[in-house]
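Enquirer: I have a structure I would like to understand better, so I am pasting it below and will then ask my questions one at a time.
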Amino acid sequence: MSKDFYIAFLSGWFVLLIFWSLIVIFILLRKPPNSKLTKKTFVISYSIFGLLLLAIFFFKQHDSFF
């Protein structure tokens, strides 16, 4: 992975994290009656996001595979 692509990819993930967090926090604060956002889905969504972010870091550390 080239360094420029890696920095752009990582920047995109952090921007996505910021907007995703704003949306989730807004839903949690507003608590609409038909919301399907539970603590379980909150934890699962951030866990998946975190695992994918760790995978990006892992592939950068081991970029000799590609």
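Laboratory data are not the source of any read-out in this text; all were calculated from the coordinates shown. Since the model is a prediction, treat every value here as computed from it, not as a measurement.
Enquirer: Report, in deg cm²/dmol and to the nearest 500, the calculated mean residue ellipticity at 222 nm for the chain, where each DSSP H run with n ≥ 4 adds -39500 (n - 2.57) and the sum is divided by the residue count.
Expert: Calculated mean residue ellipticity at 222 nm is -27500 deg cm²/dmol.
Enquirer: Compute the projected area of the convex hull of the Cα atoms of the chain, averaged over all viewing directions, and report it in nm² to one decimal place.
Expert: Seen from a random direction, the Cα hull of the chain projects 5.1 nm² on average.
Enquirer: How about Lys40: which lysines have a C-alpha closer than 21 Å to its C-alpha, ignoring those fewer than 8 places off in the same chain?
Expert: Of all the lysines, those that pass the test against Lys40 - Cα under 21 Å, at least 8 places apart if same chain - are Lys31.
Enquirer: Sticking with this one: Determine which lysines satisfy two conditions relative to Lys3: a Cα distance under 23 Å, and not lying fewer than 8 residues away in the same chain.
Expert: Lys60
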